[in-house]
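The values are calculated or read from the model by the stated rules, or taken from the named source; none is laboratory data. Here the structure is a predicted model, which means the values were calculated and not measured. Note: ideal-geometry Cβ built from the backbone for every residue, glycine included; neighbour counts use all protein chains shown. Please note that ligands, DNA and RNA were not included when accessible areas were found on the heavy atoms of the full protein model with its side chains. Shrake-Rupley method; radii C 1.70, N 1.55, O 1.52, S 1.80 Å.
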Amino acid sequence: MYGNVALDESPDTAATCKLGLRIPTHDHGVFGWPGQGRHSDRKTGSMASIADYYAGKNVLITGATGFMGKVLVEKLLRSCPGVRALYILVRPKAGQTMEQRVANMMKCKLFDRVREDDPEFHRKIVAISSELMQPGLAISPEDMEKLCSCINIVFHCAATIRFDEPLKHALQLNVIATQQLLSLAQRMQHLEAFIHVSTAYANCNRHNIDEVIYPPPVQPKKLIDSLEWMDDSMVRDITPRLIGDRPNTYTYTKALAECVVQQESSRLNIGIIRPSIVGASWQEPFPGWIDNFNGPSGVFIAAGKGILRTMRANNDAVADLIPVDMVVNLTLAVGWYTAMHRPKSALVYNCTTGGINPFHWGEIEHHVMSTFKRNPLEQAFRRPNANITSNYLINQYWILVSHKFPALIYDLYLRLTGQKPQMMRIFNRLHKAIGLLEYFSNQDWQWNSENMSMLLSQLCPEDRKTFNFDVRQLNWPEYIENYCIGTKKYVLNEDMSDIPAARQHLRKLRNIRYTFNTVLLVFVWRVFIARSPMAQNIWYFVVNLCFKFLSYFRASSTLTT
């Protein structure tokens, strides 16, 4: 069983899948519009496969240059080759024009498989200049008219994912921009589905989370109107009171965004997807693909480099990771299902693993350390050896001993050699990042995933393979190993052929550590023990006790033999 829906197919169901799934009776007429591909058959009542549905469709994607957005674009181009065009909202950034950003994205290794199948795939990408922080999303009248006349489905992935984002900025990107996109969607003449990507932690103030939209902490319009006249310092002061029992502005504003989307569910066909912690790819386009330091990726790299030695987390708490390709497969399936079935109200899909295939933080720590010892990162600061503890005082002790003290020594060495000290700054940034994650690594949530399991049961066998989001199939040790190797290959751009040299570097670090410990022991002996009769007596007593224990153990072993 997967949730409350059995996945075993009856012979009738299997036979029906070969032709397409049956559509329940609707009063909405023919789905789609002339020239955009057939996705239902009035005579047979059969429903097209996911790839067939997207054939001839024009798709609008926000956040397409982000981690999940890129994977969504790649999957659509590769598994739905009949898609007509992908319109992506892009803004100039970091001195790059919109065209340069899109060109750089297309060169990414992520698109290698698509490039092999269709070297001209970039012709299907239509970039639209946009800025989510501006009124009307800063879309030109010409582009606005084009979108309103041709778009069939919208995937809204854009959001700020920074946990410490100022409330005004998070509200603008996650709530107001969503409102404006919904207004645009209402003007689209041929829109069939609007899919909003939220987060499983939008309601993290609850421990049991169903696939429903909960009442918002405050009505979005009232909050927007109230904050409009306040300056940044005033908003910063009242933010803790506003977000209440939520840990940050990200989860708070994503909850408000769900409310905004729900308000339009009577006028649009809407689906809401709530992924948990989105990690590296499981299988597609290849295992372990990741392109950023966000979330667990940065923690894994810091541990692999030997910088992170301790982290406050509950070893027994579920680490609800979800591979990005599973989220994307679910997203495309939700788009298909929403357009074809047109639910009367917005359906929510909790895209999580903890309730179906749980994996714990303690297990992650073990597999991350094992992987980086077998496949070490280049120029590690120390040998990988991180410990997880839920005890605050123990964690603070290890931060002092294993983080701050080595950082001070290394910075002193850098100063003496005429270099700029940097390790303490790196550790301070690391502690800040880990502190933002502690809320999520020290407790459990129970997510209901009936809608996700229902949707999986609606797919025919071919679609289950092509758009697989069955988290029961996820082999965690293999996935974590591929994830760690992915951070090495795709984030740090390290060559796997250099692993022997990296292992040699770890051996060098081990020898340095043994030498340091020996010198420290001699120093302690000379300064403290050799000058104190009491310390000497304690030392000799301990040594004598150990000698007697070894002698007894050896004698017992001889008698047993």
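Taking the Cα-to-Cβ direction at residue 385 and at residue 405 and moving 7 Å from each Cα, how far apart do the two end points lie in nm?
Between residue 385 and residue 405, the label points sit 1.3 nm apart.
From the phi angles alone, apply the Karplus equation (6.51, -1.76, 1.60; θ = phi - 60°) to segment 250-266 and give each ³J(HN,Hα) in whole Hz, x where the residue is Gly or Pro.
Values per residue, Gly and Pro as x: 5, 5, 5, 6, 5, 5, 5, 5, 4, 5, 4, 5, 4, 4, 9, 5, 7 Hz.
With +1 on the Cβ of every Lys and Arg and -1 on the Cβ of every Asp and Glu, and nothing else charged, how large is the dipole of the chain about its Cα centre, in debye rounded to the nearest 20?
Working: 61 positive and 50 negative charges, 460 e Å.
Result for the chain is approximately 2200 debye, rounded to the nearest 20.
Cβ under 14 Å from residue 199's Cβ, residue 199 left aside: what net charge do those residues give with Lys, Arg +1 and Asp, Glu -1?
Its environment carries a net charge of +1.
Given the C-alpha centroids of segment 273-326 and segment 81-155, what is the distance between them in whole angstrom?
When both Cα centres are located, 27 Å separates them.
Where does the charge balance sit around residue 357 when Lys and Arg score +1, Asp and Glu -1, over other residues with C-beta under 15 Å from its C-beta?
-4
Mind checking which lysines have their C-alpha under 18 Å from residue 93, skipping anything on the same chain fewer than 8 residues away?
Excluding near neighbours in sequence, the set is 70, 107.
Taking amide H atoms as placed 1.01 Å from N in the peptide plane, list the residues 5 or more away in sequence, or in a different chain, whose amide H sits under 5 Å from that of residue 91.
Here 130 satisfy the definition.
Roughly how many debye, to the nearest 20, is the charge dipole of segment 347-480 about its Cα centre, given +1 on each Lys and Arg Cβ, -1 on each Asp and Glu Cβ, and no other charges?
860 debye
Kindly identify segment 205-249 as rounded, prolate or oblate by the Cα gyration tensor criterion: order the square roots of the eigenvalues as a ≥ b ≥ c, call it rounded if a/c is under 1.5, otherwise compare a/b with b/c, prolate if a/b is larger, else oblate.
Note, shape of segment 205-249 comes out oblate.
Considering only protein heavy atoms, what is the solvent-accessible area of residue 353 at a probe of 1.4 Å, reported in Å² to the nearest 10?
Ignoring ligands and nucleic acids, residue 353 comes out at about 0 Å².
Once amide H atoms are placed 1.01 Å from N in the peptide plane, what residues at a sequence separation of 5 or more from residue 360, or on another chain, have their amide H within under 5 Å of its amide H?
Here 319 satisfy the definition.
Along the positive direction of the dipole of segment 188-293 (beta-carbon charges: Lys, Arg +1; Asp, Glu -1; about the Cα centre), which of 218, 281, 229 reaches farthest?
218
Which links in 57/168; 168/305; 109/404; 488/508 stretch past 31 Å when you go from one Cα to the other?
Where the Cα-Cα span goes over 31 Å, the pairs concerned are 57/168; 168/305; 109/404.
Can you show me the helix-derived [θ] at 222 nm for the chain, built from DSSP H runs with n ≥ 4 at -39,500 (n - 2.57) apiece and divided by the number of residues, rounded to the nearest 500.
The per-residue figure over the chain is -14500 deg cm²/dmol.
Mind checking the full-extension length gain between residue 146 and residue 230? Use 0.36 nm per residue of separation minus the Cα-Cα distance, one decimal, nm.
Result for the pair: 26.6 nm of gain on full extension.
Hey, what's the Cα Rg ratio for the chain versus the globular rule of thumb, 2.2 N^0.38 Å?
Relative to the 2.2 N^0.38 Å estimate, the chain comes out at 1.14.
Among the GluC sites (Glu not before Pro) within segment 115-205, which fall in a DSSP loop and have no more than 12 other Cβ atoms within 10 Å of their own Cβ? Walk me through the intermediate numbers first.
On the way: sites: 116, 120, 131, 142, 145, 192; in loops: 120, 131, 192.
Those satisfying the criteria are 120.
What is the sum of charges, Lys and Arg at +1 and Asp and Glu at -1, for the other residues whose Cβ falls under 15 Å from the Cβ of residue 294?
+1
With charges set only on the Cβ (+1 for Lys and Arg, -1 for Asp and Glu), what does the dipole of segment 58-107 come to about its Cα centre, in debye to the nearest 20?
Working: 8 positive and 2 negative charges, 12 e Å.
Computed charge dipole of segment 58-107: roughly 60 debye.
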